Amino acid sequence: MANQQQGVSGASATFAKYVFVGLAAGAVGDVCLIPKAGFLLGLGSFLLGHLSLGYAFAAHGMDTSYAVAALAGTGTIGALVARWLLPKVKDPVMRKAVVGYMVVITAMVVTATASLPYTPVPRHQLVGAIMFYLSDLFVAREEFVTKSIWNQGIGLPLYYGGQLLLAGSLGL
């Protein structure tokens, strides 16, 4: 039986609510990143946002074959990123936070992919999630590897474009 909470877009109320919470947590994270001292708090806010988005995607249902393929791809990328990034994260607390964050953002991309057959606007959802993932690489590069105008010049359009696509995944 169809979900009784379907809106005009076909997105369930649960999906819409958790996408909204995920995007709002991202906005809070943006504000937290303004002062240098707010990095860990911003990281926590984005972590909650990714968890919320992952829950929203999973709420539609997930296809196991899509999940396995996504996990293989993002797991490989995550391992390469960890090898590149983690040696540059000197603080042990921050290192644990970064590893946790990497696991959660990878899970968000996996759930975005695994739920594609069931979501109202699959292309927006998948491309938005991947853009969000990629934008975080530039945040990490800026914070731990090298400060560069390229980090913002590439990372910010990826981030805001991804956010717009994720909002568009509601199909409103």
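Each reported figure results from applying straightforward, stated rules to the coordinates on display, with no laboratory input. These figures come from a predicted structure and were not determined experimentally. Glycine also receives a Cβ, built like all others from the backbone with ideal geometry; neighbour counts cover every protein chain displayed.
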Point to revise | Rounded if a/c under 1.5, otherwise prolate or oblate - the stretch 82-172, Cα gyration tensor axes | key: oblate
Practice item. Please give every one of the lysines within straight-line cross-link reach of K96, meaning a C-alpha to C-alpha distance under 26 Å, and leave out same-chain neighbours fewer than 8 residues apart. Key: K36, K88, K147
Practice item. Show that you can apply the helix-only estimate: for the chain, add -39,500 (n - 2.57) for every DSSP H stretch of four or more residues, divide by all residues, and state [θ] at 222 nm to the nearest 500. Key: -25000 deg cm²/dmol
Check your understanding: Taking the Cα centre of each part, how many Å lie between the stretch 121-172 and the stretch 23-100?
Key -> 12
Check your understanding: Starting at 0 and stepping by 5 Å, how many percent of the alpha carbon pairs of the stretch 54-132 end up in each bin?
Key -> 3, 17, 24, 22, 14, 10, 7, 3, 0
Point to revise | Sorted peptide list for 35-46, 105-116, criterion being average Cβ within 10 angstrom, highest first | key: 105-116, 35-46
Practice item. Return the sequence-ordered ³J(HN,Hα) values of the stretch 16-26 in whole Hz as given by the Karplus equation 6.51 cos²θ - 1.76 cosθ + 1.60 applied to θ = phi - 60°, using x for Gly and Pro. Key: 4, 4, 6, 5, 4, 4, x, 5, 5, 4, x
